[in-house]
Amino acid sequence: MPRACWRSLRTLTVRVRQAFAPFAPTTYHTHHYTLQPPELAEIALETELLTDFTSFETREADERDARTYCLQKPSVTLGREIELFKAFRQKPICRFRTGAAVLSTSVSSDLSTLMRLLGYMKDHRPKQDGETNPPLTMVGVITNADLGRWVEQWSEWLKDRECSHTTIANYVNSVVTLKLFTLSDAFEGGSNDSEHVYEELVRMRRQAHALAKQDQLWRPLDPQWLSWPQVMTTRLNANAAYKSAKGLQKRLVALRTLMVITAHSILPPDRVGTIRLLRIGPLCNPHLLPYFHI
């Protein structure tokens, strides 16, 4: 971007901040960070979009089926590995982890997927001649060089049982998370493979998510779904209702409704802010240029 454009953008930003200064909080955090160049910000955002996959809504029929084959009693070794995984994912500050800590629900989902995979390995995996089951632990399965092949077979087996693509995508995503843990220095069991297994899992995750998104396109619409022309009609109706409302209380209610509908139907969504809000919680708010505070 030309230097003159940067100066104009900086001047505009300063004027907007000054205009909203009376509404700013009276206290600020003392931790400030220098703004990164826009090129680095774009790279960081692209990395978040490529590496972070949101989970799809679980299907109850798939959950009932999973309870019929998942591993019920983990071994002592597997129990120790599970505790290490919980600490790796949930500790507020962990030197081995990239990214923020997650909630216990995310950890429980990943561990449930691990027990399903181990249950499949124990009783349902097709074996080649002379092949035996590996130890039903993270060391025996997640660090194995054949993990990619096993997950691919598991996905095909799940599809034969009429499991949805959304559930398979969630399972593969959890396996990727488990693999990242075993590749980190936080895992004390060692690793028997190279990162090519992780690359195989990432490719399968991308493919599974693509199939899940296709399934989402054909699912029945919510009864309250509105098309874009219907949204615009609703906004015009809300504007007409506000203008025709009588009495202060009714006009305030109609105005509030109009403002909410207008905000959701005209203003563009803050995609970057939404992604960062979901990822790290608080948003980055402008304070004193060229700094911002969290």
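The values are calculated or read from the model by the stated rules, or taken from the named source; none is laboratory data. Computed from a predicted model, the values in this text were never measured in an experiment. Reconstructed Cβ throughout: ideal geometry from the backbone, glycine too, with neighbour counts over all protein chains shown.
Those residues that are among the hydroxyl-bearing types (S, T, Y) and crowded, with 20+ Cβ neighbours inside 10 Å, I need them from the range 128-146; list them, please.
If the condition is that a residue be among the hydroxyl-bearing types (S, T, Y) and crowded, with 20+ Cβ neighbours inside 10 Å, then T137, T143 are the ones that fit.
So S191 fits all but one of (1) assigned by TED's automatic domain parsing to the domain that holds N144; (2) at pLDDT 85 or above; (3) among the hydroxyl-bearing types (S, T, Y); what number is the exception? It is condition (2) that S191 fails.
Selection of first residues in the range 221-250 that are assigned by TED's automatic domain parsing to the domain that holds I266 and part of a helix (DSSP H, G or I) and of second residues that are surrounded by 12 or more Cβ atoms within 10 Å (Cβ to Cβ) and not β-branched (V, I, T), restricted to Cβ pairs under 6 Å at least 6 apart or on distinct chains, gives the following pairs, ordered by first then second residue: V231/S265; R235/S265; A238/L258; N239/L258; A241/A254; Y242/A254; Y242/L255; Y242/L258. Listed by first and then second residue, the pairs with beta-carbon distance under 6 Å, at least 6 apart or on different chains, first residue in the range 93-118 and modelled with pLDDT of 85 or more and surrounded by 11 or more Cβ atoms within 10 Å (Cβ to Cβ), second among the small types (G, A, S) and assigned to a loop (DSSP other than H, G, I, E, B), are F96/S184; F96/A186.
Of L183, L278, all but one fail to be modelled with pLDDT under 85 and closer than 30 Å to S106 by Cα; the exception is L278.
Which condition number does V175 fail, the rest of (1) part of a loop (DSSP other than H, G, I, E, B); (2) crowded, with 16+ Cβ neighbours inside 10 Å; (3) modelled with pLDDT of 90 or more being met? The number of the failed condition is (1).
What residue, among those in the range 55-96 that are outside any helix (DSSP H, G or I) and of a type in the set (G, A, S), is nearest to I142 (Cα to Cα)? Filtering first and then ranking leaves S75.
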